[in-house]
Amino acid sequence: MNFATRAVKRLLLAAAFALVAVATLAPQTARAQSDTDWAENNKIDFQFRAQTWTIAANLDFALFTSACSDSAAGTEVSGGSYARASVARSLTNFAGTQSAGSTTASSGTGGQTSNNVAINFATPSAGWGTVTHVGVYSSTNLMTCFALTTSKTINSGDTVSFAIGAFTYTQQ
């Protein structure tokens, strides 16, 4: 896939995030969703080549202090009690494409899902630095990453969470 094609793909794939940390962090919006090469290759093999694609039962949400891309993870936050936030893949936890908050199989036409449950990270026991990107993992495989519109500094004691409906993923 050449640069122009990839750039058009990124423009077509829209995402919105709100990173909320109680008291000190205002909601943030993110754009520029990018599926990784691993995810793109598995989708093609699954959809067109009749290959099995195994995704972990839980999606793990990661915070990065440097850019992630379709071919590489950024610098993931570490220390200060940081751990990826894990959410089970289910109809209950992620909305169907027909509407935000829905809990039935997808029947919509927009190719968009959002979180029906808060995505909560551990409370930092030390600062995590300035978070610039968010990634979604299946086990050890980064599936997609997003750049926050506004970077956020995470301090010790902040509550870091994507509120219900704040994580939005659009597949086109």
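Values quoted throughout were computed directly from the atomic coordinates according to the rules given, and no laboratory measurement underlies them. Small disclaimer: the values here were computed from a predicted structure and weren't measured. With ideal geometry, Cβ positions are generated from the backbone for all residues, glycine too; neighbour counts draw on all protein chains shown.
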With r defined as the distance between the Cβ atoms of residue 67 and residue 141 and R0 fixed at 22 Å, what FRET efficiency is calculated, to the nearest 0.05? 0.75
Note down the nm distance, to one decimal, between modelled labels 7 Å out along Cα→Cβ at residue 117 and at residue 37. 3.4 nm
Could you check the spin-label model distance between residue 126 and residue 52? Points 7 Å from the Cα along Cα→Cβ, value in nm. 4.2 nm
Highest mean first, how do 68-81, 128-141 rank when packing is the count of other Cβ atoms within 10 Å averaged over residues? 128-141, 68-81
Any idea which of 150, 99, 47 is furthest toward the positive side of the dipole for the stretch 44-172, if Lys and Arg beta-carbons carry +1 and Asp and Glu beta-carbons -1? 99
Using modelled backbone amide H atoms (1.01 Å from N, in-plane), which distant-in-sequence or interchain residues come within less than 5 Å of residue 131's amide H? 152, 153, 154
Starting from the Cα of residue 83, step 7 Å along the direction of its Cβ; do the same at residue 107; then give the gap between the two resulting points in nm. 3.9 nm
